[in-house]
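*Asks:* Before we start, here is the structure in question, set down as structure tokens.
What follows is calculated from the coordinates using simple rules that are stated; it is not laboratory data. Here the structure is a predicted model, which means the values were calculated and not measured. Note: ideal-geometry Cβ built from the backbone for every residue, glycine included; neighbour counts use all protein chains shown.
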Amino acid sequence: MHQRVKHVLTAACLLACLAPAHAVFEDLPAGARQLGLGGQGAALEDSLSVFANPALPGAVRKFEAGAAFLGSRRTTQGPAEFTSYGAWALVPRMAYGRLGTLALAGLYRDDGGALTQKTMLLGWGTSNLLRTDTGIFDFGANFKIMQAALSAGDESQMGVGLDIGAVFRPDSSHTLGLSVLNLNNPSYKLGTLKDNAPRVLRLGVSERRDDYLLSLDLAKRSGSSGEKGNISLTPGVEHVWRTERSGRFFSRAGLNLAERASAMSAGLGWKHAASELSYGLAVPLTGQIIPAHSVTLALRFGDRDVEGEYGRMIRQEIKYRRDLVEALDESARREALLKEELASMKAEIDSLNARLRGELAQKASVTGEKERLAAIVRRQAAAEAELKAMSEKRKADKLNQLRYDFSTDWQAYLKLKGGGAPPDVLKGSLQRMVSQFQDSGIDISQATVELQSLVR
């Protein structure tokens with residue numbers, strides 16, 4: 001009994017020596033991407049955003065899983081020392097005829113060996129729940145089982161938390177999010193530690209462009225650990241660097257402005273095929289300057305992200321095809337006009353020839369008619385030359401179309417080859433290309449050489 005009391009007193013002393021005292025279940029950055037952009041985001045389209053806004057995962061249509069690590073000397077409420085480990089999975093499902101995403105996640109946090117915190121999360125986010133003329137609305141909720149325990153004395157307490165959130169997407173580039181975390185503000189009492197999981201109101205907006213993402217998040221937290229609550233403003237920017245075969249690389253930067261917890265952050269990421277690895281770093285702007293570190297690994301099963309990778313190429317192809325069709329239509333229209341003009345001139349020539357036969361006796365008149373006929377013949381020759389040039393241009397346009405189609409097929413083959421497709425698939429693709437374009441008049445030597453190398 002005396003030994004148990006001693007452990008409890010030791011834990012209480014440890015808790016009392018920290019400044020401020022331990023808080024429980026704050027809204028920490030869930031992953032390296034969040035940390036690199038300054039902190040959690042209520043409108044950041046990311047798998048781990050389930051911890052900031054339960055409505056965000058509803059847009060995920062592929063099964064995803066991953067794990068994350070965070071080590072820091074500061075929480076969103078102020079100084080602290082802890083390490084956190086997390087794992088999650090997102091499962092797209094249909095319930096009652098509605099699409100949505102089921103979220104399963106777990107977090108384990110160790111506060112310097114004195115206190116441990118465990119969270120088990122079960123969430124649901126809708127997909128395209130309400131479609132209006134202005135945009136799409138989605139909603140979500142998280143049910144959380146949260147347990148806090150003193151490492152000494154085996155004393156623990158369990159509570160239940162509830163998160164709710166909403167997302168509005170006016171178009172494919174913008175996201176607005178609103179969420180309330182720890183809505184019921186559960187309380188905990190462990191030895192001398194008496195605290196509530198802070199209730200957090202978050203409002204965020206993000207904008208996605210071809211190579212950039214801009215995010216802005218505003219959060220208001222209730223008081224905890226003997227301190228009053230605080231308000232934070234978190235802007236962030238992300239840039240993507242695309243490569244042909246090595247995937248995509250990301251650079252991130254953010255700033256978290258909050259009383260007792262301001263910090264600058266940066267991060268790096270790499271995504272290739274269905275896997276993504278991210279690292280985040282945050283440096284406090286006040287107090288003891290000890291950086292926080294976070295690492296995240298995510299796997300997306302069946303994800304190919306074709307639209308994201310080839311969106312610009314498809315838009316360029318559509319524009320090229322539209323311009324080419326317009327040029328061909330214009331050529332056909334001009335050709336029809338020239339044919340009509342040639343028919344008219346032929347009729348006029350026939351008429352002049354008839355007149356010449358009837359006026360052989362009138363030499364002066366014949367001379368004038370011959371000059372007029374010569375002028376018409378010259379116009380006819382010019383029209384025929386222009387018609388021939390138009391014909392040549394149409395042939396050149398058709399060759400350009402064939403070269404473009406071959407280039408598109410050749411790029412698709414290189415994507416297959418870069419993705420590790422079997423030799424039989426590569427050989428079949430090349431044989432189809434050679435068969436299709438062999439007698440078209442364009443250069444297909446690169447495909448022929450590649451096919452010969454596969455056959456050998």
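*Asks:* Within the stretch 54-71, what residues put their amide N at less than 17 Å from the label point 7 Å along the Cα-to-Cβ vector of ALA89?
*Replies:* 61-68, by backbone N distance to the label point.
*Asks:* In what sequence, highest mean first, do 174-181, 45-52, 227-234 appear when ranked by Cβ atoms within 10 angstrom?
*Replies:* Those peptides, ordered most packed to least, come out 45-52, 174-181, 227-234.
*Asks:* Based on the mean of other beta carbon atoms within 10 Å per residue, what is the order of 139-149, 244-254, most packed first?
*Replies:* With the highest mean Cβ count within 10 Å placed first, the list reads 139-149, 244-254.
*Asks:* Right, another one. Could you tell me how many degrees, from 0 to 90 and to the nearest 10, lie between the Cα long axis of helix 2-17 and the main elongation axis, the longest principal axis, of the Cα atoms of the chain?
*Replies:* Relative to the chain, helix 2-17 is tipped by roughly 50 degrees.
*Asks:* Could I ask something else about it? May I ask you to give the average projected area over all directions of the convex hull of the Cα atoms of the stretch 128-203, in nm² rounded to one decimal?
*Replies:* 6.4
*Asks:* Further question: Let me see the P(r) profile for the stretch 18-146: every Cα-Cα distance counted, bins of 5 Å, each bin given as a percent of all pairs.
*Replies:* Each 5 Å bin holds this share of Cα pairs: 2, 11, 20, 21, 18, 12, 8, 5, 3, 1, 0.
*Asks:* Under a cut-off of 30 Å between alpha-carbon atoms, report the lysines in cross-link reach of LYS363, not counting same-chain residues fewer than 8 places apart.
*Replies:* Of all the lysines, those that pass the test against LYS363 - Cα under 30 Å, at least 8 places apart if same chain - are LYS346.
*Asks:* Normalised by the empirical 2.2 N^0.38 Å for globular proteins, what value does the Cα Rg of the stretch 402-456 take?
*Replies:* In units of the globular-protein estimate, the stretch 402-456 measures up at 1.05.
*Asks:* In whole Å, largest first, what are the principal axis extents of the Cα atoms in the stretch 54-98?
*Replies:* Principal extents (largest minus smallest coordinate, Cα): 47, 20, 13 Å.
*Asks:* So, one more: Quick check: the angle from helix 363-418's long axis to the longest principal axis of the chain, C-alpha only, nearest 10 degrees?
*Replies:* 30
*Asks:* Pick out, from ALA421, GLY113, GLY204, the residue whose Cα sits farthest towards the positive end of the charge dipole of the chain, with +1 on the Cβ of Lys and Arg and -1 on the Cβ of Asp and Glu.
*Replies:* GLY113
*Asks:* Calculate how steeply helix 423-437 sits against the longest principal axis of the alpha-carbon atoms of the chain, using the helix alpha-carbon long axis, and give the answer as 0 to 90 degrees to the nearest 10.
*Replies:* 30
*Asks:* Using only the Cα atoms of the stretch 309-414, what semi-axes does the equivalent ellipsoid have when each is the square root of 5 times a gyration tensor eigenvalue? Give whole Å, largest first.
*Replies:* In descending order, the three semi-axes are 50, 11, 8 Å.
*Asks:* Report the relative contact order of the stretch 2-302, percent, no decimals, based on alpha-carbon pairs under 8 angstrom and at least 6 residues apart.
*Replies:* Result for the stretch 2-302 is 21 percent.
*Asks:* Which of rounded, prolate, oblate describes the stretch 141-295, given a ≥ b ≥ c as roots of the alpha-carbon gyration tensor eigenvalues and a/c under 1.5 marking rounded, otherwise prolate only if a/b is larger than b/c?
*Replies:* Judged from the Cα gyration tensor, the stretch 141-295 comes out prolate (a/c at least 1.5, a/b above b/c).
*Asks:* Suppose R0 equals 25 Å; then what is the FRET efficiency for ALA273 and LEU214 from their Cβ-Cβ distance, rounded to the nearest 0.05?
*Replies:* Taking R0 as 25 Å, the efficiency between ALA273 and LEU214 is 0.40.
*Asks:* Quick one: which of 61-72, 89-100, 122-133 comes out on top by average Cβ neighbours within 10 Å, and what's the full order, highest first?
*Replies:* The most tightly packed comes first, giving 61-72, 122-133, 89-100.
*Asks:* FRET efficiency for ILE349 and ARG403, Cβ-Cβ distance as r, R0 = 45 Å, nearest 0.05?
*Replies:* Using R0 = 45 Å, I get an efficiency of 0.65.
*Asks:* Give the Debye-formula value of log10 I(q)/I(0) at each listed q (0.13 Å⁻¹), with one equal scatterer per alpha carbon of the stretch 2-302, two decimals each.
*Replies:* These q points yield log10 I(q)/I(0) values of -0.87.
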